[in-house]
Each structure stands twice: as structure tokens, then as C-alpha cells.
Amino acid sequence: MKIALVAHDRKKETIIKLATAYQPILEQHELFATGTTGLKIMEATGLKVHRFKSGPLGGDQQIGAMISENKMDMIIFLRDPLASQPHEPDVNALIRLSDVYEIPLATNIGAAEVLIRGLANGFLDFRQVVKEEPQKPLSAY
């Protein structure tokens, strides 16, 4: 799966701890991150991470573009809900796109752990199941 890892400044240490704790799971997937977050994760874990620009310089939008092109499967975006962000519209757009395209999104450590543990347990992408199921005529209901 293609997984985006993003964290606001006061959440970077938390995402590094998350990546370290779940490194055996994450290394089985293709990882993407905004600039500084990706660099810090690579330095701490040795994981291979494709880095985009930092969030305020367009990194959030680059991840959003991948979502809109159906090239991202999961997002872990540890947001700082108590700090104003200069690129808040980009953050909101990324969250909106994840809803539009039904991409799992964790914005806190609890939800992030649930998603990552789901990967370890054979995470099932319901979008693939829906595509494979034949459509029933309305009269069948």
C-alpha cells in the first residue's frame, strides 16, 4: 500500500515514535511524507520514504494530487489541533480529498495505530471488494 506520513511540528516526535514502533509493518509498504517529517523518519528508522515538499510549501497539495489520481491508499496526518497553521486551507483540502476518495485517514496517534495494526492483520481495501462484486438489479432487493 502507498501510505502518506505527515505531522505538524509539535507532532513530529510522535510520528517518529510511531514509525519506529511499527517499522516492521511500515517497511513492507511504499511510504511518502512531507519534507521535514520524511527526513526525520528516515534518519530515525532507516525506512525508505519518498519526500515531498514541506507542508506549507505545497507538500500537502502534492499528497492531495496523489489521492485525486487514486495513487494513495492511506494517510497518517498527526495534526496539532491547538496551533494555528499558515497552510490550514491546504490541510482542510487534504482531509476533504481523503473523504471524497474514501482514503483511510488518521489525524491522531490512536487512529494511526488502529490503521497500522490493520495493515499487519491483512487490511482489506473495501474499494476493491466493491469493484469485484456484481451489481444486483433493484428488483433483487
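Worth pointing out:
- Restricting region 68-92 to residues that are open to solvent by 40 Å² or more (accessible area, probe 1.4 Å) and part of a helix (DSSP H, G or I), the residue that is nearest to L31 (Cα to Cα): S68
- Residues that are under 14 Å from the mean Cα position of the chain (by Cα) and of a type in the set (G, A, S), drawn from region 1-41: A4, A7, A19, A33, G38
- The residues of region 8-63 that are acidic (D, E), more than 19 Å from I109 (Cβ to Cβ) and open to solvent by 90 Å² or more (accessible area, probe 1.4 Å), listed by number, are E27, E30, E43.
The values are calculated or read from the model by the stated rules, or taken from the named source; none is laboratory data. Owing to the predicted nature of the structure, the values given are computational and were not obtained by experimental measurement. Positions of Cβ are backbone-derived with ideal geometry, glycine not excepted, and every protein chain shown enters the neighbour counts. Accessible surface is based on the protein model in full, side chains and every heavy atom, while ligands, DNA and RNA are left aside. Shrake-Rupley method; radii C 1.70, N 1.55, O 1.52, S 1.80 Å.
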